[in-house]
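Take a look at the structure set out below.
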Amino acid sequence: MERPPAPSATPTDGVPDQAPPALATPGYPRHWEADVVASDGGIVHLRPILPSDADALLDFHQRLSDRTRYLRYFGPYPRIPPRDLERFTNVDHCNRVALIGLLGDEIIAVGRYEGLNGQGDGQGGTGGNGTAGDAVKESAEVAFVVRDDHQGRGLGSILLEHLAAAAREKGLRRFEAEVLVENHQMVRVFREAGYQVSRAFADGVLHLEFDIDLTERSLAVRDSREQAAEARSVHNLLHPSSVAVIGASTDPSKIGHAVLANLLRGNFTGPVFPVNSGGSGARSVRGVRAYASVLDIPDEVDLAVVAVPAAGIDEVMDSCLAKGVKALIVISSGFADAGSDGSGAERRMVEAARAHGMRVVGPNALGVANTAADVRLNATLAPHLPGAGRVGFFSQSGALGTALLAAATERGLGLSTFVSAGNRADVSGNDLLQYWQTDQDTDVVLLYLESFGNPRKFGRLARRLARRKPIVAVKSGRHADPRRRLASAVSIDDASVQALFEQSGVIRVGTVPQMFDTALLLAYQPLPAGPRVAVVGNSTALGVLVTDGLLDEGLELAGDPVDVGAGATPEEFAAAVERAVSSEDTDALVAVFVPPVATPGTAYARALREAVAGSKKPVVSTFLAVEGVPDELAVPRPDGTPGPGSVPSYPSPERAVAALSRVVRYARWRATPVGEFITPEGTDTERARELVARFCTDQTHALSDEDAVALLECYGIEVTPFRRVSGADAAVAAANELGYPVALKAVGERWRHRTDLVGVRLDLGAPPAVARAHGALAAITGSDEVYVQRMAPKGLSCVLEVVEDPSFGSLLSFGLSGIATELLGDRAYRVVPVSTTDASSLVRAPRAAPLLSGYRGGEPARLDALEDLVLRVGKIAEELPEVRSLALDPVLASAEGAFVTGARVVLGPPPTRDDFGPRRLR
């Protein structure tokens, strides 16, 4: 590790001793600031060091144990001398970088790197633009130390991630470190970071070296640690040992009264402390002793539910921070939901909470609930919760929360946990996805979303979770005015949402009833192995409706529908069901029944449940006018709530079939291989980055034809040879050089892509034809400049694009060319990065895609060639964020391959993409 600077060391050019605020500090990289989640679920604020941190750094150093200082500095080093202190706090945020971890105003961790071979003295090294000097080794020495009382929280790993990201930004490629061999904890941090570490040992010191470029393993380590930390953070929120209700009231019309009453009525397993600032007159609320302030509570408080007006939030925050409250639920409204004034108060609240390690749900939230027997937490405004179950539910809307919980109760859907995030100022749906991934009490996830905070992260988390647990989502606001969204929301159009959900395996539904329809099936029945569905009922009319619904949804009928007749007994009905569900040709069963007048329908419901007991095939039913899981169709758990094997009933055959079809599609997605994220052969990323650095400017601009071709060649994408020339003689000469037959194309975009091909002349086989074509184009366009291009094999014209999206940075778009497909918007989208499976599905997703597979006797195109092209373009979008748009148009797909005959590339400043790089909240 780094030793104290030698006496001869001199500070580099840095920030003056009396530094102004960070925003005014020259070169201060504000984008390196981050709130991060430690392994115990607490929040730590990370930012670059400033000269004004000198006193806090001295305090931090004094609070280190002698042992920790020895391991860090290879000697006693009891205090920091003034010269060292100046050097430690004055950095250039380029060749010398230091990051500090803060809890409140206290420094609890420090990490730094210092450029080697002259990089630290301001001579050479990496410049402010992040480009390394030619003669300088792209390496730096890295070191960090964590205060003793915060060791074991994973802060060393977090500092290493963020230092590596900063170093990569500044052009460094390698870290070196010296560690005492007895410093096992620090050695483990480097060894488990996911980098390929080389070691050398001498005189009790390990010298470690490793490249800091992101690798598949280092990203996997990052994601695993992020998941564990954020899941722990949510676990702390949902498993409090004590709860305080701030704003508790004796007035039944107040929300503070309601949430306290619900906590007590729900028999929360820990103590509940009402807090009412009314003074000495407020002796108790609902028979529980009340306190004037949370600071007066003698015991620890894990969770505080805030039900005071927004104007009083600052005072509440001060007392909660002083008390050491770990999590906050803000029921109150009047924050970002009320306009700009409230947004400022909301932002200050979250910043203060995170600075002190606290998580916040809300504001404007309904609350949170956990039905586990050892918790029984109902910290919501809903007086009654659904029974215990294995479904986790996240609702962004607080206003709809009570109705959603009531609907779940009515439908017989048991919940494990429920979170209504309201304005989603801190805790979001992404946090809950992290928690539910490893929560042993949750098998199905429901999401009611109004907006996204970090769509890229959502896609990554959802894709991982959906491979194990189904996710059903309602995304409202498809046609909402983006200006009305919250400040924390990211604008995202519906086509992008659809691509995100499809690629991530999320079951998207359009309405709340559809969400519950699907959830009932997923919660109580197994996944289908295929699309073959048997139908059993006692009504021919209902059987016809089911058949129509199955075929409309793209499912298959497993034999003719079975009609047992209106007079069949429960036993006869059960026997028909058993035969159908036991058939090897059946993957699922739909039972439809109209109870006869003479026999109660409950007898047939019990017969159905018993007939399919133990079946590994999903069963849905329609008992007219019965919705949810009635007692006769339920397989009760020990607490009496419906459990696995219960048969959901739908009020109409169409809804039963629609729910089943969604689950069939999900099961098919889940059974599809994940695919590989490969780098196609012939890719030269370093060359591509060099070209982009040369071509790119501060302004968005289109590349020239030659530059676009050169960039595409770095990814193995060949454009059919062409020349841009002026005059008929030059056109003929170019054709002779390229070889016949050739095509002539007008230069202006307005001519080249018209559906009547007025700006194109094809299959020109000789010089006279080229000359005549040139004359014709010149007469139309008024210009003698043309493209001359060798003819590619004829095929179906396709368009493959990288399109800029405000939420994702880039999306891949694919479709067939033509006015009909453009008019109908027949394009398919995928989110970057794309796997081999994503590429395969993308080229088959447009409605016109069957044309590529030999529709009506046509010759099939090589889909594998199109897939390869998608992977190559996807790699460009993934690795070169400066590519703001790219269009391969047209791509001619045929039995001979996929041939690019036109390309346009636009470069510009890369968008901010928080999901790449080190861990951070949001």
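The values are calculated or read from the model by the stated rules, or taken from the named source; none is laboratory data. Just so it is clear, the structure is predicted and the values come from calculations on it, not from any experiment. Ideal geometry is used to build each Cβ from the backbone, glycine not excepted, and the neighbour counts take in all protein chains shown.
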note = Note on segment 434-476: residues of a type in the set (A, V, I, L, M) and closer than 25 Å to L660 by Cβ are V444, V445, L446, L447, L449, A462, L465, A466, I471, V472, A473, V474
query = Counting only residues that are of a type in the set (G, A, S), modelled with pLDDT under 95 and under 19 Å from I212 (Cβ atoms), how many does segment 124-165 have?
reply = 7
request  = Specify which of the listed residues (L520, L500, L542) is surrounded by 21 or more Cβ atoms within 10 Å (Cβ to Cβ), within 20 Å of T602 (Cα to Cα), at pLDDT below 95 and of a type in the set (A, V, I, L, M).
outcome  = L542
request  = Could you list, in sequence order, all residues of segment 156-182 that are over 33 Å from the mean Cα position of the chain (by Cα) and crowded, with 19+ Cβ neighbours inside 10 Å?
outcome  = A177, V179
inquiry  = Can you report the number of residues in segment 349-363 which are closer than 14 Å to A304 by Cβ and assigned to a helix (DSSP H, G or I)?
reply    = 3
ask   = Is one or more of the residues making up segment 238-245 in contact with a Leu (Cβ under 7 Å, 6 or more places away or on another chain) and in the same structural domain as I158 (by TED's automatic domain parsing)?
value = no
ask   = Before we move on, is A345 in a helix (DSSP H, G or I) and touching a helix residue (DSSP H, G or I) at 6+ places or on another chain (Cβ under 7 Å)?
value = yes
query = What about A379, is it surrounded by fewer than 24 Cβ atoms within 10 Å (Cβ to Cβ) and of a type in the set (G, A, S)?
reply = no
ask   = Taking the condition buried (at least 20 other Cβ atoms within 10 Å of the Cβ) and more than 27 Å from G152 (Cβ to Cβ), does R87 pass?
value = yes
note = Those residues of segment 399-434 which are touching a Gly at 6+ places or on another chain (Cβ under 6 Å) and surrounded by fewer than 23 Cβ atoms within 10 Å (Cβ to Cβ) amount to R411
remark   = Checked segment 229-253 for anything crowded, with 18+ Cβ neighbours inside 10 Å, assigned to a helix (DSSP H, G or I) and touching a helix residue (DSSP H, G or I) at 6+ places or on another chain (Cβ under 8 Å); matches are E230, A231, S233, V234, L238
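Yes/no per residue for (1) surrounded by 18 or more Cβ atoms within 10 Å (Cβ to Cβ); (2) β-branched (V, I, T):
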position	(1), (2)
V834	yes, yes
L842	yes, no
R847	no, no
L852	yes, no
R856	no, no
D864	no, no
R872	yes, no
R884	yes, no
message = I need every pair where a residue in segment 286-302 that is surrounded by 14 or more Cβ atoms within 10 Å (Cβ to Cβ) has its Cβ under 6 Å from the Cβ of a residue that is charged (D, E, K, R), sequence separation at least 6 or different chains.
response = V294/K323; V301/K323; D302/K326
query = What number of residues in segment 435-450 are part of a loop (DSSP other than H, G, I, E, B), touching a residue at least 12 places away in the same chain (Cβ under 8 Å) and surrounded by fewer than 20 Cβ atoms within 10 Å (Cβ to Cβ)?
reply = 3
inquiry  = So for segment 542-551 (the condition being out of contact with any strand residue (DSSP E or B) (no Cβ under 7 Å at 6 or more places or on another chain) and among the charged types (D, E, K, R)), does at least one residue qualify?
reply    = yes
request  = For segment 587-615, name all the residues that are at pLDDT 95 or above and either among the basic types (K, R) or closer than 17 Å to R411 by Cα (or both).
outcome  = R609
query = Within segment 617-635, can one find any residue that is modelled with pLDDT under 95, farther than 21 Å from M515 by Cα and not aliphatic (A, V, I, L, M)?
reply = yes
ask   = Looking at (1) assigned by TED's automatic domain parsing to the domain that holds P561; (2) surrounded by fewer than 19 Cβ atoms within 10 Å (Cβ to Cβ), can you tell me which one Q514 breaks?
value = (1)
task = Check every one of the helices (runs of 4 or more DSSP H) wholly within segment 812-922 and list those with 1 or more residues that are touching a helix residue (DSSP H, G or I) at 6+ places or on another chain (Cβ under 9 Å), without any contact (Cβ under 8 Å) to a residue 60 or more places away in the chain and not charged (D, E, K, R).
result = 836-844, 863-879
